[in-house]
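Here is the structure we will look at.
The values are calculated or read from the model by the stated rules, or taken from the named source; none is laboratory data. Just so it is clear, the model here is predicted, and its values are computed rather than measured. Glycine gets a Cβ as well: all are built from the backbone with ideal geometry, and neighbour counts include every protein chain shown.
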Amino acid sequence: MKISKQAASLVRPNQFKVLKLDSGIDSSPTSVGTFCSNSGSIRKLLFEEITKLDDALNMFDEMTQRQPLPSVVKFTRLLQAVTKMEHYSCSIDLFKQMVAIGVPVDVYTTTIVIKCFCQMSCTNEAYGFKRGVVPNVITFSMLLSGLILEDRILEVERLFKKLIREELCEPDVVVYNTMIKGICKFGSNNTYIGLLRLMDERGCKPNVFTYSTIIDSLCKDKMVDDALKLFNEMTLHKGILPNVVTYSSLIRGLCNLGRWDEVCKMLKEMEEKRIYPNAVTFSTLLNGLVIEDRIFEVERLFKKLIREEICEPNVVMYSIMIKGLCKFSNNDAAIDLLRLMDERGCKPNVFTYSTIIDSLCKDSMVDDALKLFNEMILDKGILPNVVNYSSLISGLCKLGCWDEVSKMLGEMEDEGISLDVPIFNILVDSFCKEGIVEDAEAVMNIMVKRGNDPDVVTYTSLLYRYCKNINITKAMHMFDEITEKVWNRM
DNA sequence: CTAGGGTTAG
């Protein structure tokens, strides 16, 4: 199947001009907010739920006109509301207006704005935003989690050490928990022990969040037995009561390993302790069943949740159900469910769409995938990310639509979506399969240059190709390179 | 009385 030019043109940024509306924004729930016609960037295309955000903005306007001005507390509440709606750049804007009209912003207000910058992966800008207020432990915890979000682990460590060394603030349990989360994200799985010790030395008691964070991380790395050990330490020795989060993490770890007997044991334990499973617990269970291809049980549980009104499915649950349907190549049913969730008032998100888009691409239905991709961006106002593009590019590569692939890559650049290791790997692998080894090697060189270290997937694609080409010299050379790398890590 | 900590996709 050759992708039609028409479908490809649908994703070109200049197509968005079609959507430019008259300046009057109507009352429909999704309207185009701002639109910058000369840049043509998706990021400028802010679709938003006008109703709620508009309410907040109107209230803000009204507040700014009052004489005397309302207290900073009232403004802060509003700022927090907008932030909770995840309109981060909007919050920043409001903050700037507050400063301009002379609202005496304080550490509370500033911390919210710093959070906004951090959430937008602009931690650097957050840094310079202290504006004369003295940052406190909460401000620093926000900065730390911002750095963690951006994978800047070295700076996380540096800042944390600085806090203690220069006595900028005494880390509290939340800061330690944040640090543990960061260390678990990058370090080997035992590095958390050092932080637990430090907490102990400095007289900060770990709480249920501390243990849940570690347990969660261990479960993610399939080290469920270690997690269970820690669970015992927490409950039996430290006397910390587990909560639904702790149990959900353990259940997830056990589900992923197919240890269903123990899952049932956990559920029974929860019942005894009157800790009620919530939406996260149920989505964990559904996901576990989907992983094991137990599609009928998935359906049964899902229907039971709705019928007995145990839990109204949320976007994560629907997304998991859709994943289940896609796994069985039932793309049509998946799309039906996508429509149904929307009707039931549950908005699909980028995960939901990317599941179906990926499945369509894997089934070589890239045209349909592109249609959905456009629906996601244009109708739903959801910003695409690197995962969406990787599915589409992978599908296009498989079909040999190289022009469309480069078009997509250009589009990503326009949108400021940077390539990551998995998408580089798709390109390397595709070039290898196509027999254009030079291009594959060129991509790998770019990876190295950009600091996206080639991984086992990258090397496997190339090694396989070298062997197939009977290019033993190159294969051996690469093998040496890998060996050296492994030694350096140890 | 206003700021910080768990689930889903390549």
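A few remarks follow.
- Positions within the range A:311-332 being in contact with a Ser or Thr (Cβ under 7 Å, 6 or more places away or on another chain) and aliphatic (A, V, I, L, M), in sequence order: A:V315, A:V316, A:M317, A:I320, A:I322
- Restricting the range A:402-447 to residues that are in contact (Cβ under 8 Å) with a residue 24 or more places away in the chain and among the polar types (S, T, N, Q), the residue that is farthest from A:N385 (Cα to Cα): A:S430
- Residues being closer than 23 Å to A:G416 by Cα and not hydrophobic (A, V, I, L, M, F, W, C) - total across the range A:341-400: 20
- Taken over the range A:110-130, the criterion of being within 14 Å of DNA strand B (Cβ to nearest atom), farther than 14 Å from A:L147 by Cβ and of a type outside the set (V, I, T) is satisfied by A:C116, A:F129, A:K130.
- Pairing residues of the range A:63-86 that are outside the structural domain of A:I112 (by TED's automatic domain parsing) with residues that are within 12 Å of DNA strand B (Cβ to nearest atom) and in a helix (DSSP H, G or I), at Cβ distances under 6 Å and at least 6 apart in sequence or on separate chains, gives no pairs at all.
Rundown of residues vs (1) buried (at least 16 other Cβ atoms within 10 Å of the Cβ); (2) in the same structural domain as A:K468 (by TED's automatic domain parsing); (3) hydrophobic (A, V, I, L, M, F, W, C); (4) not in a helix (DSSP H, G or I), yes/no style:
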| residue | (1), (2), (3), (4) |
| --- | --- |
| A:I423 | yes, yes, yes, no |
| A:D429 | yes, yes, no, no |
| A:A442 | no, yes, yes, no |
| A:M447 | yes, yes, yes, no |
| A:D453 | no, yes, no, yes |
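- No other residue among A:C219, A:C184 is part of a helix (DSSP H, G or I), surrounded by 19 or more Cβ atoms within 10 Å (Cβ to Cβ) and in contact with a Gly (Cβ under 6 Å, 6 or more places away or on another chain) apart from A:C219.
- A:Y211 fulfils the conditions (1) more than 18 Å from A:I320 (Cβ to Cβ); (2) surrounded by fewer than 20 Cβ atoms within 10 Å (Cβ to Cβ) except for a single criterion, (2).
- Leading residue by the ranking (farthest from DNA strand B (Cβ to nearest atom)) among those in the range A:233-288 that are over 23 Å from A:T355 (Cβ atoms) and of a type in the set (S, T, N, Q): A:T235
- Complete set of residues in the range A:60-109 that are surrounded by 18 or more Cβ atoms within 10 Å (Cβ to Cβ), more than 10 Å from DNA strand B (Cβ to nearest atom) and over 20 Å from A:V134 (Cα atoms): A:F60, A:V82, A:H87, A:Y88, A:C90, A:S91, A:L94
- Residue satisfying all of: in the range A:38-83; of a type in the set (K, R) and at pLDDT below 90; nearest to A:T110 (Cα to Cα) among these: A:K52
- Check on A:L154, among the aliphatic types (A, V, I, L, M), within 14 Å of DNA strand B (Cβ to nearest atom) and under 23 Å from A:Y176 (Cα atoms): no
- Residues being over 20 Å from A:D216 (Cβ atoms) and either touching a residue at least 60 places away in the same chain (Cβ under 8 Å) or part of a loop (DSSP other than H, G, I, E, B) (or both) - total across the range A:256-297: 4
- Qualifying residue in the range A:326-343 (condition: of a type in the set (G, A, S) and without any contact (Cβ under 8 Å) to a residue 24 or more places away in the chain): yes
- So A:C116, is it under 26 Å from A:D414 (Cα atoms) and either acidic (D, E) or at pLDDT 50 or above (or both): yes
- Residues being among the hydrophobic types (A, V, I, L, M, F, W, C) and more than 12 Å from A:I112 (Cα to Cα) - total across the range A:50-89: 11
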